[in-house]
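**Student:** One structure follows; several queries about it will come next.
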Amino acid sequence: MIFYDRLQFAFTITFHYIFPQLTMGLSLIIVFFKWKFLKTKIQKYNDAALFFMKIFAINFTMGVVTGIPMEFQFGTNWAKFSELTGGIIGQTLAMEGMFSFFLESSFLALFIFGEKLMGQKLHFLTGFLVFLGSWASGWFILATNAWMQHPVGYEILDNGKFVLENFSELFTNPWLLPAFLHNQFASVVTSAFVVASIGAFYILRNKYSEHGKLFLKTGVIFGLVSSLLVAFPTGDWNAKNVAKFQPASFAAMEGIFETEHAGAEIVLIGQPNMVEKKLDNKIAVPNILSFLTYQDWSRQIPGMDQFKKEELPDNIPALYYSYHIMVGLGTIFIGVMFLAAFQLWKRKLHTVKPLLWTIMFLVPFPYIANLTGWYVAELGRQPYLVYGLLKTSEGVSPTVSSGNTLFTLLGFVALYMLLGLLFLILVGKTIHQGPKPLKH
Amino acid sequence: MELFWFILIALVLAIFFVLDGYDFGTGIIHLFFAKKEKDKKVIAKAAGLFWDSNEVWLVAAGGMLFMAFPTFYASVFSGFYLPLIIVLWLIIFRAIGLEFRSQFNNEMWTSIWDKSFGVSSLLLALFFGIALGNIVRGVNLGSVENGKSLHEAHYFFLPLWDSSFSPLSETPGVIDWFTLIIGIIAVVTLAIHGATWIRLKTEASINKKLKTVIFNLTIVLIVLTVFSIIVWQIVNPNSLNNFVERPYLIVFPLLYLIGLFGLLFIKKIKKDNHGFILSTLLIIGGITSSLASLFPVILPSTNTINESLTIYNTATENYGLSIAFNWAIVGVILVVIYFIIQKRLLKGKIDKMDYGH
Ligand code: HDD
Ligand code: HEM
Ligand code: HEM
């Protein structure tokens, strides 16, 4: 049954994506610390870079070991999909290996072990290359995903195979750039929260509080800028793309059951009722959605009633909630970071305890926003694997029985629970040990 | 173009087995021969420094296989579903064993992760050998039963084993006595390779003893090699035809033999890197000889109804392959540069390295 294959993919990718979102964002912040150190020669900055490097390294290991199953799963569970589209998405996946994983892993070893061997300038450079590698990795994986969301540059042969017709279109895909930027800024949000909250923790505990203040300040500044960029222009830009290329998903994620005559309202709160095909307890503002999407107050937007049932995503409530959770959290992040930045500007932030506690406890939420964002993308793409062209049910491995998939799914669940636990123990230990200047 | 991609992927895979192979081998040696904590630590470090950048070769080979030979990728990955997923789990155990052992200075903690590293390395070596055995033996493509294919001609599904454990049964499993022999050969080969690596990279107190270990394992390997060539004839009577038809392919088995017989003189060899070069030849020779014996087939069919998978009937269109040729050249050059930089900066014995960690 395809259900287990989907569940296994969803579970393993959700677990995988917990780690790269931090590595991508954190590598940027580490490079920033290292650069500050080069410029100012103040030891504190180097301590910060080395401290976060440790957290990065643990996280990176987890990203690698959970990433390899992702690549394998295309072949093991989605063999038909791989056979039919490998000629196209194989390009971007193979390039990811060639141009980003090699870069990232080669220089990470040097960044971790090489400070003494190379001197500061080269050490900065290796850090920068790690950053470049991890962002390139995001670029290629999003190019892959963008092709599945909005296929371009392909040709379909008589035997049903998709083959490449135009290579450069894979990278000029109109879906790619907005998705990439949105995704990258969102990963900076996650790491900014992690950095700021470790800072807040040190200040509240009154330990390493000098470092704590630096972490807090850096986290808040990165956090404010990236939260704003996530919402506008990139979030908005993504929404416009969905409206244009996947109108059925757009109707579902916004919760528009019926098409209105003129401008569409924006739903703030409400629960989809799939039986009566309406939103319960709705609070909505008229015409705003039409304006946000098309800058036209009275533009008509097709609702779900305009589409055949087979064209609509198969889990509309999950899609709708995921979208509203992401957007809601995004708004909260902007609010909190704005308040924090204001206190920072008044040089009082480290004394405002309630705000410090808030920042500390918000850490899980950027992760949730990132994952729900991906659920929007992936649930919205349903019922297709390649939007409009290849149904999800046609992509699954023909020979693997559901008993086997269930067995491996349970295995992954057990193993990942163990991994998650170890990960938390190690990060906890690293935070506890705190940033110390290395004695050498 | 198909040929270029076949060679490139084979090369990347061979490099993976040379590089990550020493990690597996290090794990095996660690499991059986490292007794003192100091040795355990430095031997784990000899693998731990590099496993991650070595594993990228596997990821890269996977990606390229996916791109260039999608039908093969789909067929083999879904057909060997269970063993592959088990390999994934072992890879995870191996990695966390290495990364986590020295995080806490507690005897129980380190010994759990040492075992995790050692046992999963051993099983990985075994499974990779079994995989090679399966490719050489071939599978029941299309899952033919009573003269009819149950699936499309290029799909199949193998159980872990079939009750007869015989490669000659109508529905052989992943593990049978033939593939098991190849698996054991892989374990022995990689153990030798790991030992030469430990000698090269560390000053562990067992290094002297390892020379004897390598020598004994080489003798075992010679016996196993001869034996496997004989049984291979039973499993697949045409297995050596390619070498008769294309005599130049003999270079690959020759590499293997040079490595094998060279290692017999390990006790006389003064320089540690010579030992490592010989075990590298052994691995490269072994893999390339197996592939060369099949070429251009990459997965033989054991039934007469469905034809074997070759590099030609599983490849994607030429346009994609040619475009990828261009970026692959750039990629390979970059990778070689990173590799040289990395090995330059992190050269020498691990015990002496001052990496401030
Ligand atoms: C910190 C995380 C985060 C936050 C606060 C937001 N997003 Fe987001 N969003 C993501 C993290 C994310 C993501 C995980 O990164 C996604 C999944 C796919 C992608 O490219 O980015 C995404 C996708 C995504 C999509 C594409 C869905 C699809 O492909 O079908 C849209 C329309 C939006 N976002 C819109 C928004 C808007 C209007 C936000 C307003 C505040 C917003 N996002 C905040
Ligand atoms: C890290 C972020 C991602 C998350 C959280 C995520 C989440 C999911 C979820 C929840 C599903 C199940 C959908 C369903 O059951 O309806 C799914 C399916 C899938 N996703 Fe993603 N996804 C992510 C990124 C990607 C990327 C980058 C790709 C492509 C390279 C991808 C390819 C797939 C495929 C092939 C399936 C299986 C078919 C299906 O059920 O739709 N995913 N993903
Ligand atoms: C939004 C989706 C994804 C992003 C942004 C992403 C990003 C990354 C990054 C940055 C890494 C490097 C390791 C780390 O920093 O933790 C990584 C590792 C990896 N990812 Fe993902 N990934 C995503 C989804 C996927 C999917 C769908 C696949 C399946 C093809 C995949 C396959 C891998 C593999 C094989 C590795 C290990 C690479 C290595 O050996 O270094 N990832 N990913």
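**Student:** Output the residues belonging to segment A:323-360 that are within 16 Å of ligand 1 (Cβ to nearest atom), in contact (Cβ under 8 Å) with a residue 24 or more places away in the chain and surrounded by fewer than 14 Cβ atoms within 10 Å (Cβ to Cβ).
**Tutor:** The one that is within 16 Å of ligand 1 (Cβ to nearest atom), in contact (Cβ under 8 Å) with a residue 24 or more places away in the chain and surrounded by fewer than 14 Cβ atoms within 10 Å (Cβ to Cβ): A:Thr331.
**Student:** Please tell me if B:Asp52 is more than 14 Å from the chain's Cα centre (by Cα), within 7 Å of chain A (Cβ to nearest Cβ) and of a type in the set (Asp, Glu).
**Tutor:** In short, yes.
**Student:** With the condition kept exactly as written, say whether any residue in segment A:2-17 is aromatic (Phe, Trp, Tyr), closer than 22 Å to A:Trp139 by Cα, within 16 Å of ligand 3 (Cβ to nearest atom) and free of Cβ contacts under 8 Å to residues at least 60 places away in the same chain.
**Tutor:** Checked segment A:2-17: no residue is aromatic (Phe, Trp, Tyr), closer than 22 Å to A:Trp139 by Cα, within 16 Å of ligand 3 (Cβ to nearest atom) and free of Cβ contacts under 8 Å to residues at least 60 places away in the same chain.
**Student:** Now a separate question. Within segment A:79-136, take every residue that is within 19 Å of A:Leu170 (Cβ to Cβ), touching a residue at least 60 places away in the same chain (Cβ under 8 Å) and more than 7 Å from chain B (Cβ to nearest Cβ) and give me the one that is surrounded by the fewest Cβ atoms within 10 Å (Cβ to Cβ).
**Tutor:** A:Trp135
**Student:** Do the conditions hold for A:Leu181, that is, is it open to solvent by 10 Å² or more (accessible area, probe 1.4 Å), more than 15 Å from ligand 3 (Cβ to nearest atom) and touching a residue at least 40 places away in the same chain (Cβ under 8 Å)?
**Tutor:** Here the answer is no, as A:Leu181 does not meet what is asked.
**Student:** Look at A:Gly67 and say whether it is under 22 Å from B:Gly331 (Cβ atoms), free of Cβ contacts under 8 Å to residues at least 60 places away in the same chain, facing chain B (nearest Cβ under 7 Å) and more than 16 Å from ligand 1 (Cβ to nearest atom).
**Tutor:** no
**Student:** Further question on the same structure: Can you name the condition, by its number, that B:Phe24 falls short on among (1) within 13 Å of another protein chain (Cβ to nearest Cβ); (2) closer than 30 Å to B:Asp162 by Cβ?
**Tutor:** (1)
**Student:** Moving to a separate point now. When the residues of segment B:175-189 are narrowed to those that are open to solvent by less than 10 Å² (accessible area, probe 1.4 Å) and under 16 Å from the mean Cα position of the chain (by Cα), which ends up modelled with the highest pLDDT?
**Tutor:** The residue in question is B:Gly183.
**Student:** Against the conditions (1) facing chain A (nearest Cβ under 7 Å); (2) modelled with pLDDT of 90 or more, where does B:Leu82 fall short? Just the number, please.
**Tutor:** (2) is the only condition that B:Leu82 fails.
**Student:** Looking at (1) of a type outside the set (Asp, Glu); (2) more than 13 Å from ligand 2 (Cβ to nearest atom); (3) under 16 Å from A:Ser100 (Cβ atoms), which is the only condition A:Ile42 fails?
**Tutor:** Unmet condition: (3).
**Student:** Taking the criterion of being open to solvent by less than 30 Å² (accessible area, probe 1.4 Å), at pLDDT 80 or above and within 19 Å of A:Gly328 (Cβ to Cβ), would at least one residue in segment A:300-309 satisfy it?
**Tutor:** For segment A:300-309, residues open to solvent by less than 30 Å² (accessible area, probe 1.4 Å), at pLDDT 80 or above and within 19 Å of A:Gly328 (Cβ to Cβ): absent.
**Student:** Separate question: Give the number of residues within segment A:42-78 that are small (Gly, Ala, Ser), in contact with a Pro (Cβ under 7 Å, 6 or more places away or on another chain) and open to solvent by 10 Å² or more (accessible area, probe 1.4 Å).
**Tutor:** Counting residues in segment A:42-78 that are small (Gly, Ala, Ser), in contact with a Pro (Cβ under 7 Å, 6 or more places away or on another chain) and open to solvent by 10 Å² or more (accessible area, probe 1.4 Å) gives 1.
**Student:** Would you point out which residue out of A:Ser197, A:Ser227, A:Ser209 is under 14 Å from the mean Cα position of the chain (by Cα), away from ligand 3 (no atom under 16 Å from the Cβ) and more than 14 Å from chain B (Cβ to nearest Cβ)?
**Tutor:** Among A:Ser197, A:Ser227, A:Ser209, only A:Ser227 is under 14 Å from the mean Cα position of the chain (by Cα), away from ligand 3 (no atom under 16 Å from the Cβ) and more than 14 Å from chain B (Cβ to nearest Cβ).
**Student:** Checking the condition modelled with pLDDT of 90 or more, of a type outside the set (A, V, I, L, M, F, W, C) and open to solvent by less than 10 Å² (accessible area, probe 1.4 Å), which residue from A:Lys39, A:Lys34 passes?
**Tutor:** Result: A:Lys34 is the single residue among A:Lys39, A:Lys34 that is modelled with pLDDT of 90 or more, of a type outside the set (A, V, I, L, M, F, W, C) and open to solvent by less than 10 Å² (accessible area, probe 1.4 Å).
**Student:** For segment A:187-194, does any single residue satisfy the condition of being at pLDDT 90 or above, hydrophobic (A, V, I, L, M, F, W, C), part of a helix (DSSP H, G or I) and surrounded by fewer than 23 Cβ atoms within 10 Å (Cβ to Cβ)?
**Tutor:** Within segment A:187-194 (the criterion being at pLDDT 90 or above, hydrophobic (A, V, I, L, M, F, W, C), part of a helix (DSSP H, G or I) and surrounded by fewer than 23 Cβ atoms within 10 Å (Cβ to Cβ)), the answer is no, since none of the residues qualifies.
**Student:** Now for a separate question. Can you report the number of residues in segment A:195-229 which are closer than 17 Å to A:Leu50 by Cα, within 16 Å of ligand 1 (Cβ to nearest atom) and open to solvent by 20 Å² or more (accessible area, probe 1.4 Å)?
**Tutor:** Residues meeting the conditions: 0.
**Student:** I would also like to ask the following. I'd like to check which helices (runs of 4 or more DSSP H) are fully inside segment A:199-295 and have at least 2 residues that are in contact with a helix residue (DSSP H, G or I) (Cβ under 6 Å, 6 or more places away or on another chain).
**Tutor:** A:209-229, A:236-245, A:247-254
**Student:** Exactly one of these conditions fails for B:Tyr338: (1) open to solvent by less than 70 Å² (accessible area, probe 1.4 Å); (2) farther than 24 Å from B:Thr26 by Cα. Give me its number.
**Tutor:** Here B:Tyr338 meets the rest and fails (2).
**Student:** Return the residues of segment A:311-370 that are of a type outside the set (A, V, I, L, M) and not in a helix (DSSP H, G or I); say none if nothing qualifies.
**Tutor:** Scanning segment A:311-370 gives A:Pro313, A:Asp314, A:Asn315, A:Lys346, A:Arg347, A:Lys348.
**Student:** Quickly run through segment B:1-27 and pick out the residues that are within 19 Å of B:Leu200 (Cα to Cα) and open to solvent by 10 Å² or more (accessible area, probe 1.4 Å).
**Tutor:** Selection gives B:Ile15, B:Phe17, B:Val18, B:Leu19.
**Student:** Return the total of residues in segment B:60-76 being open to solvent by 20 Å² or more (accessible area, probe 1.4 Å) and either facing another protein chain (nearest Cβ under 7 Å) or over 28 Å from B:Leu309 (Cα atoms) (or both).
**Tutor:** Residues meeting the conditions: 0.
**Student:** Would you check which residues across segment B:94-136 are more than 17 Å from the chain's Cα centre (by Cα), touching a residue at least 24 places away in the same chain (Cβ under 8 Å) and open to solvent by 20 Å² or more (accessible area, probe 1.4 Å) and list them?
**Tutor:** B:Glu99, B:Ser102, B:Lys115
**Student:** Still on this structure: If I filter segment A:1-19 down to residues being over 21 Å from A:Leu421 (Cβ atoms) and crowded, with 21+ Cβ neighbours inside 10 Å, which single residue comes out as nearest to ligand 1 (Cβ to nearest atom)?
**Tutor:** By that ranking, first place goes to A:Asp5.
**Student:** Right, here's the next one. Identify all residues within segment A:365-416 that are within 16 Å of ligand 1 (Cβ to nearest atom), open to solvent by 40 Å² or more (accessible area, probe 1.4 Å) and among the β-branched types (Val, Ile, Thr); write none if there are none.
**Tutor:** The one that is within 16 Å of ligand 1 (Cβ to nearest atom), open to solvent by 40 Å² or more (accessible area, probe 1.4 Å) and among the β-branched types (Val, Ile, Thr): A:Ile368.
**Student:** Additional query: Might you let me know whether segment B:305-312 holds any residue that is at pLDDT below 85 and facing chain A (nearest Cβ under 10 Å)?
**Tutor:** Checking segment B:305-312: not a single residue is at pLDDT below 85 and facing chain A (nearest Cβ under 10 Å).
**Student:** Looking at segment A:20-64, which of its residues are more than 16 Å from ligand 1 (Cβ to nearest atom) and polar (S, T, N, Q)?
**Tutor:** Scanning segment A:20-64 gives A:Ser27, A:Thr40, A:Gln43, A:Asn46, A:Asn59, A:Thr61.
**Student:** Here's something else I'd like to know. Only one of (1) under 20 Å from A:Gly75 (Cβ atoms); (2) free of Cβ contacts under 8 Å to residues at least 12 places away in the same chain; (3) open to solvent by less than 50 Å² (accessible area, probe 1.4 Å); (4) more than 19 Å from the chain's Cα centre (by Cα) fails for B:Leu141. Which number is that?
**Tutor:** The one condition B:Leu141 does not meet is (2).
**Student:** Another question about this same structure. Which of the residues that make up segment A:137-178 are more than 14 Å from chain B (Cβ to nearest Cβ) and open to solvent by less than 30 Å² (accessible area, probe 1.4 Å)?
**Tutor:** If the condition is that a residue be more than 14 Å from chain B (Cβ to nearest Cβ) and open to solvent by less than 30 Å² (accessible area, probe 1.4 Å), then A:Gly138, A:Leu142, A:Asn145, A:Ala146, A:Met148, A:Gln149, A:Pro151, A:Val152, A:Asn173, A:Trp175, A:Leu176, A:Pro178 are the ones that fit.
The values are calculated or read from the model by the stated rules, or taken from the named source; none is laboratory data. Please read these numbers as outputs of a predicted model, since none were measured by experiment. Glycine gets a Cβ as well: all are built from the backbone with ideal geometry, and neighbour counts include every protein chain shown. Protein only, heavy atoms only, side chains kept; ligands, DNA and RNA dropped before computing areas. Shrake-Rupley method; radii C 1.70, N 1.55, O 1.52, S 1.80 Å.
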